[in-house]
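Below is one structure, written out as structure tokens; comments come after it.
Laboratory data are not the source of any read-out in this text; all were calculated from the coordinates shown. These figures come from a predicted structure and were not determined experimentally. All Cβ positions, even for glycine, are placed from backbone atoms using ideal geometry, and neighbour counts span all protein chains on display.
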Amino acid sequence: MGKLLFFTVGMTALLAASVKAGPAVEYKQVAPPPPVDLWGTGFYGAIDMGANLYQNRGDDRTFTNDHLNSPFFGSTLEVSPKNDVGFFGGVKLGYVFGTGIVRPTIEGDFLYNGFRDGADSTLNEVFSCPQCACPACPFRILTTRERDVSTWINSGAFLANFILRFNFGRFQPYAGAGVGGYYAESAGVEITGPIGTPVNTGGGHNHADLAWDVVGGSDYFFTHNLSAFIEYRFLNYTSTQIDTREDRDLKQHLLGAGVRFFFH
């Protein structure tokens, strides 16, 4: 009888505690975030734009007429190439292999690249005429002419790049290089003389040749398939079709930013 009474009292206490605790708590199931090693993998497309900061057209040069029998002996021509800031913009398509820390990547890069070309020139012309004065005092005339020559270059380039990306979660730096080709066309030439009135020539020239680049940058991922990136590019337009004794390659420094979307 005592055991039955003890069992009844215990069950009553448990029921009372359950009633005081209230209804059962419902827990919502939240989908876990994508694994970190899946950020930035597979196929992607990107758009970017920025500034063509510098085009290395060489240093200032001075040409001198050193022919003793020339009436213009001693004349000089000073040429100062222009290195103006230009604009570029393009699209990228690529594929990232693997899910480890180091991820090989292949990328096709298509871009428009426009910049101003030209030079400032100063001609210091010396004209000698021994017959124009006494033999002991040859006659010499010195004149100086200044000209400003400029044109706008429109170019398009395609490059196939091999890149190594480094996975540190949301932050993924990368570096690589590639080869391809370019097509460039000038939009005519504008010549400005000392009186300041420009003279425009009609039509321009075009040229197509090999190109290569070296790239480096970093992505920051907002989601597993969307990132923003900043990128530096050294871009070289070669001149293999022009045989000269001097380097005619156009070396350029580009800095831009863009967004990248991964299709997974």
Long-range HN-HN contacts of I153 with modeled amide H, under 5 Å: F115, R116, D117
Placing each pseudo-label 7 Å from Cα in the direction of the beta carbon, T122 and A51 end up separated by a distance in nanometres of 2.8 nm
Once D60 and F234 are pulled to full extension, the length gained, defined as 0.36 nm per residue separation minus their Cα-Cα distance, is 60.4 nm
Sort the following peptides by mean Cβ neighbour count (other Cβ atoms within 10 Å, averaged over residues), highest first: 90-101, 45-56. 45-56, 90-101
Could you give each residue of region 166-183 its phi-based ³J(HN,Hα) in whole Hz, using Karplus coefficients 6.51, -1.76, 1.60 with θ = phi - 60°, and x for Gly or Pro? 10, 8, 10, x, 5, 9, 9, x, 7, 7, x, 7, x, 10, x, x, 9, 10
